[in-house]
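A short write-up of the structure that comes next.
The values are calculated or read from the model by the stated rules, or taken from the named source; none is laboratory data. It should be emphasised that the depicted structure is a prediction, and the values quoted were computed from it without experimental measurement. Cβ placement follows ideal geometry from the backbone for every residue including glycine, while neighbour counts extend to all protein chains displayed.
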Ligand SMILES: Nc1ncnc2c1ncn2[C@@H]1O[C@H](COP(=O)(O)OP(=O)(O)OP(=O)(O)O)[C@@H](O)[C@H]1O
Ligand SMILES: Nc1ncnc2c1ncn2[C@@H]1O[C@H](COP(=O)(O)OP(=O)(O)OP(=O)(O)O)[C@@H](O)[C@H]1O
Ligand SMILES: [Mg+2]
Ligand SMILES: [Mg+2]
């Protein structure tokens, strides 16, 4: 159902994908899922790496549009910088599908988003259960945030906090590890120095989560049995750690599936069929999140 | 006391910070926390000491953060490939030395400004690290590697042992050996060093190798903590290393160096960082506080120095 | 010019430009659509903010210092400018950006002159402070140019072309022209070079270090203010993390252009070409689809090659030095010891 | 003593050195016998320093040969010269300001402990102290070089060369920054070196020194060899003629001027480390000399007037009005010109051209377009004036100042101080390192500006010069004015008496 009057004049549909940063495994998987779905449709696939830079994001995405793509999929480093990209796309009649991170309030056609706050909530529920199972009665927990500019990732910590407090716990420390493993480790050490009695810690991403679990281990405690440590993303290192009892749990998004989903939406947008949204006001399509712990870790590939 | 303060002007801001934190928090002065601060300080002090030589020479090495990453990746992937951990660590240190050697050769033999040469190496080595690891974490579980940060010979945490040894060696090398004097001589007046027949190029290369090895050592310490290596580790570390040196009082344009200052600079920075965390400071305010404290620490020194200014001020070679 | 305008000093000013021209000559071969209108415009547009700040930074480096806080300044100027836009439209946005830049520069200058904090530490400190302030101002999320304002003149600054030339690039060219006049044809510019060459000697020439540094750091601040206008109207958004690592990029462009980090020698033509060189190279790598890990390796390698040519030139400038260089010895630079 | 039958220890033949735009040496020949002191003289820019730099391995000649003890000698780097037993004291200092005196003296040759590799500090400090003792000066071997005066720095350079203990010691204007006493002792050292059988190559613009110590002299002009002769066979006048190519007379000529209104008055001024309660007066049209042994506070005095050193107590008046400069910029605005005694560290702007070095003091006088922009033509005008007047030897206005010979750099700096043409000129060592012809021209210029009504404060370690052109002389000792000499009281004896004994001598004719 590819339209024949596409931008570059040839018959083949060209899809441009602007990715957040190929340094990260999460986005490598997302890219793979997107590319495979696109090639399966017989489309031509063009990639741009934003390299965690808003200038690079705007320039590169606009260049993709200039080069004549028929549809743009973008996983934006700075969602709030989507404006100029979408303005250009609109001028050229190119639909834009946003993949994850956020939409920044711009008039994109659709956004596939994993439920960050919902993931935080899952983490809180798991943590409370596990703390009880550990036989601990302490009600103090900690939360490690990403860098302050990652506003969408911050929803994970917010969702976690809301739920865990509902369950009767207190977040005694909420500190930023700037999304970096090294800093996550240090921050966890500081948390342990101040609040040796915490019974759980939630981290906004897995590099910091696994690092925090290492800090817990280095303090002579167990990141599953003593201080329930939960990450986010289901990065391979988190899966490995969970298998080895080095991390209690993580929250999985499925970046490859999200990529495939964006291609499906792109196809529909090109065909001008109406899209179905989970949240029509924000044109959001949810991709479910899933909690991964020792119990179900073997089901993860 | 005043003599001590003159020689180590950072003691005053450091003591001030400690007193404030001791009053403002109830956990700062606990044994666990002090150890925590000192271990963190020890870990930046080690590369800071090497960087002190580089700055004393009037040059920078910006590539150290990428070396941290590549050393970790190399060490961990060697362990994964079945090498014994000590061998893997040795390989990583060699890689660090090779990066330093490359920097030194490009700078001395090709005449590229150190700033650009090491900036280029920063970019290249980061690229190598990402390419070599394929963007994946190199996860290990190695007791021998863990010993680097977790070991406690005589009950003292290993990083502190390493830092103490490095400080003593660094102090001796800087202040008592020909090498250290030549480094300062080059930083003080490069042209004079050449005219006096000092082996300027060899000394410069040696310093870059030293920084490369120290950067790799830093990478091993980080990988020891995290039990992994990957292409993202160590980003921005170059500024951390240079900052502790500059705060410690080593002149940015070379000639003078303070080994003890570097160590105190590391302790001050880590104390501030730890204190802000203990006070649960939100990240935005953390940044502002770190910035202001940096300025304050140096402002106290700067004003003192301006007061001390008397003739004869003009020194040969516009030593700045 | 006179006989003393040797090949060497020509290279000092034009060397990096020559490399740029060379790169432009091979660009269409490697990247067929390089000179397409869209692509050329995009290259010129995206480099403007870097170039404008680099023009200001050239003065700082020429005076023997540098300003590490420009990234923080850019973030803060952008955030304040967007707040200004929300409150009062285009005019207020422009005024806010320029005023914030000036204020940042003056703050740096007074830390350096009044508190005698070395520029490196002062501007490293304010880098944290400016970013921190930007974060505080954006605690509810990044500031954004609202999509429905797409027709506003402010938003147009970043997107518009005059006669096919993007407005940001026009501004950049204007800034460089003004900067060149300032550096080469005014007393103030001469003082900057004199001070960078030897602060002690400059003092005895009646150059006041305090006034000079005030001027230089204020100038950097203003250049960031101007750059903000071209930056923010292109990316439409800002918070405390905007342009992380910007300071190194700017300083790299200045040094690559041929301005000496030790001060005293500066070339704005070099800075200008270096900025374009970096963005052309970047564009070529990106459009060739080189994976980013390898992009880094290539970019770093080119930096070294560009500077190697320069390094070798100075090595071989002195009489008899070619022989010596080949035999591994060091070459005296003509002129006095520095 | 060398005689023609002893084979030359060092023999230079057909030596040519080229720089872009200049041939600094053109087929020069030159030889030195063992145990000979061989002087090398010539105008500024004649090529003396270039020759010595070739010997030291700093410059490579484009043609010519050098033989050392009958074997070819081709130094490619400084270490080659040291190994060959040639120690060079260069005209421009090569010191590390941040290192100690002893570390500087033994740099690169530090004795160190075999086992722990530590430098033997006790030994180098002791040996440095011994070297200074033979030079008859007291310099703390553990002091940082940045704390030394220019003359002390020169002595460190000399000690450095002596510590090498080579068979040939090459000295490029070693006395330019020394006081009369220090010169005398250095000449003794040179004689002792000769007595030990070592050779000395001695460059100086002071012919009295040359006649005092040298056995033979070689004259260079425009990079060419003019004559080599035993000093016994020549006279100062002949040497000058050979160097300059014409007769130079009327040295230290001073027109009689009657002092006008008071331009500058210092009233009980204290400043810096040692300047205490200094009161002096300078009138329009007058040259006021400041004498004293090195380190008596002359730089402090000149700098406090120029606003480079804050006044601690007392006050200054300029043309009768209160004068409180916050810095040299205020002083310059008030019409004061200044020449620093340290050419290299506080004089030249090394990255700037000759033209820009000259005009930096008159930037607001070389305006063209709109009265804001600098006028290149105006700058060239200033350059041309001074190049002609002072015979500055340069390839052009755009040559970097560092590429000029030492004496020519000094001329540029003198021009810079003179150019603004204000009411007061402070000159520290104005003729340091300049040749005889230029020295006379500089004296003429000083005469002229006083004739135009400006006052001049002149500091010179060259006592005959100081007395020869000053109308009045104040003598400083340990930061205090201990003498004021006018008229016939201006004698070397009087100056030395109050400078060294602190005995106060004030000429009767003085008032104010
Ligand atoms: N003596 C000086 N030393 C250092 N900087 C100066 C000096 N005079 C002026 N400047 C710098 O030049 C800038 C321009 O100032 P202004 O035009 O008011 O001074 P000016 O003396 O008239 O300068 P110009 O000589 O360029 O006309 C000032 O902001 C100041 O930083
Ligand atoms: N590095 C250089 N580059 C260009 N020209 C140079 C350089 N060094 C010296 N010259 C030129 O070579 C000539 C000889 O200079 P040299 O320093 O040997 O003179 P000199 O006899 O020592 O004079 P002075 O008595 O002033 O010290 C001068 O014209 C000078 O300008
Ligand atoms: Mg392109
Ligand atoms: Mg000379």
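Quick notes on this structure:
- Unique residue being closer than 23 Å to residue B:166 by Cβ, surrounded by fewer than 21 Cβ atoms within 10 Å (Cβ to Cβ), more than 9 Å from chain C (Cβ to nearest Cβ) and modelled with pLDDT of 90 or more when the list is B:267, B:213, B:260: B:260
- Subset of region C:11-35 that is touching a helix residue (DSSP H, G or I) at 6+ places or on another chain (Cβ under 8 Å) and in a loop (DSSP other than H, G, I, E, B) - its residue that is farthest from ligand 3 (Cβ to nearest atom): C:35
- Among the candidates D:35, D:57, residue that is at pLDDT 90 or above, away from chain C (no Cβ under 14 Å) and either within 16 Å of ligand 3 (Cβ to nearest atom) or in contact with a strand residue (DSSP E or B) (Cβ under 9 Å, 6 or more places away or on another chain) (or both): D:35
- Qualifying position, being farther than 30 Å from residue A:16 by Cβ and surrounded by 24 or more Cβ atoms within 10 Å (Cβ to Cβ), among A:159, A:120: A:120
- Any hit, region B:152-160, residues being buried (at least 17 other Cβ atoms within 10 Å of the Cβ) and more than 21 Å from the chain's Cα centre (by Cα): no
- Remark: residue D:355 falls outside the filter, which requires a residue to be outside any helix (DSSP H, G or I) and either within 10 Å of another protein chain (Cβ to nearest Cβ) or at pLDDT 90 or above (or both).
- Here residue A:59 clears all of (1) away from ligand 3 (no atom under 16 Å from the Cβ); (2) within 7 Å of another protein chain (Cβ to nearest Cβ) except the condition numbered (1).
- Residue within region D:139-160 that is surrounded by fewer than 16 Cβ atoms within 10 Å (Cβ to Cβ), touching a helix residue (DSSP H, G or I) at 6+ places or on another chain (Cβ under 7 Å), over 30 Å from residue D:8 (Cβ atoms) and at pLDDT 90 or above present: yes
- In region C:37-46, the count of residues that are more than 16 Å from ligand 3 (Cβ to nearest atom) and in contact (Cβ under 8 Å) with a residue 24 or more places away in the chain is zero.
- Being away from ligand 3 (no atom under 16 Å from the Cβ), within 27 Å of residue D:443 (Cα to Cα), facing chain C (nearest Cβ under 8 Å) and in contact (Cβ under 8 Å) with a residue 12 or more places away in the chain is true of residue D:308.
- Filter pass, residue D:46 being within 13 Å of ligand 4 (Cβ to nearest atom) and in contact with a strand residue (DSSP E or B) (Cβ under 6 Å, 6 or more places away or on another chain): yes
- A single entry from D:413, D:418, D:404, D:427 fulfils the requirement of being under 30 Å from residue D:221 (Cβ atoms), within 16 Å of ligand 4 (Cβ to nearest atom) and touching a strand residue (DSSP E or B) at 6+ places or on another chain (Cβ under 7 Å): D:413.
- Of all residues in region A:64-85, those that are at negative phi and out of contact with any helix residue (DSSP H, G or I) (no Cβ under 7 Å at 6 or more places or on another chain) total 6.
- For the condition more than 16 Å from ligand 4 (Cβ to nearest atom), within 14 Å of chain D (Cβ to nearest Cβ), assigned to a loop (DSSP other than H, G, I, E, B) and crowded, with 24+ Cβ neighbours inside 10 Å, residue C:263 qualifies.
- Within region D:201-215, the set of residues being over 20 Å from the mean Cα position of the chain (by Cα) and surrounded by 22 or more Cβ atoms within 10 Å (Cβ to Cβ) comprises just one member, D:214.
- Region D:358-379 - residue that is touching a strand residue (DSSP E or B) at 6+ places or on another chain (Cβ under 9 Å) and in a helix (DSSP H, G or I) and, of those, farthest from residue C:180 (Cα to Cα): D:361
So that you can scan it fast, the table gives a plain yes or no per residue for (1) outside any loop (DSSP other than H, G, I, E, B); (2) within 14 Å of chain A (Cβ to nearest Cβ); (3) in contact with a strand residue (DSSP E or B) (Cβ under 6 Å, 6 or more places away or on another chain); (4) away from ligand 2 (no atom under 16 Å from the Cβ):
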{"site": "C:201", "(1), (2), (3), (4)": "yes, no, no, yes"}
{"site": "C:212", "(1), (2), (3), (4)": "yes, no, no, yes"}
{"site": "C:244", "(1), (2), (3), (4)": "no, yes, no, yes"}
{"site": "C:250", "(1), (2), (3), (4)": "yes, yes, no, yes"}
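- Some residue of region D:68-83 being more than 12 Å from every other protein chain (Cβ to nearest Cβ), away from ligand 2 (no atom under 13 Å from the Cβ) and buried (at least 21 other Cβ atoms within 10 Å of the Cβ): yes
- The residue that is modelled with the lowest pLDDT, counting only those in region A:142-171 that are facing another protein chain (nearest Cβ under 8 Å) and touching a strand residue (DSSP E or B) at 6+ places or on another chain (Cβ under 7 Å), is A:148.
- Highlighted here are the strands (runs of 3 or more DSSP E) found entirely within region A:92-149 that include at least 2 residues which are within 30 Å of residue A:272 (Cβ to Cβ): A:96-99, A:110-114.
- Qualifying residue in region D:419-429 (condition: modelled with pLDDT under 95, within 8 Å of chain C (Cβ to nearest Cβ) and away from ligand 2 (no atom under 16 Å from the Cβ)): no
- Index of the failed condition, residue A:182 passing every other in (1) free of Cβ contacts under 8 Å to residues at least 60 places away in the same chain; (2) closer than 27 Å to residue A:281 by Cα; (3) crowded, with 21+ Cβ neighbours inside 10 Å; (4) under 23 Å from the mean Cα position of the chain (by Cα): (2)
- Hits in region D:34-57 (condition: within 12 Å of ligand 2 (Cβ to nearest atom) and more than 15 Å from residue D:171 (Cα to Cα)): D:43, D:44, D:45, D:46
- Of the residues making up region C:152-207, just one is within 16 Å of ligand 3 (Cβ to nearest atom) and surrounded by 24 or more Cβ atoms within 10 Å (Cβ to Cβ), namely C:166.
- Evaluated against (1) within 14 Å of chain C (Cβ to nearest Cβ); (2) touching a strand residue (DSSP E or B) at 6+ places or on another chain (Cβ under 8 Å); (3) within 16 Å of ligand 4 (Cβ to nearest atom); (4) closer than 30 Å to residue D:440 by Cβ, residue D:26 falls short on exactly one condition, (3).
- Of the residues making up region D:139-182, those that are in contact with a strand residue (DSSP E or B) (Cβ under 6 Å, 6 or more places away or on another chain), within 16 Å of ligand 2 (Cβ to nearest atom) and within 14 Å of chain B (Cβ to nearest Cβ) are D:157, D:170, D:172.
- When C:112, C:94 are screened for being more than 20 Å from the chain's Cα centre (by Cα), crowded, with 24+ Cβ neighbours inside 10 Å and assigned to a helix (DSSP H, G or I), only C:112 passes.
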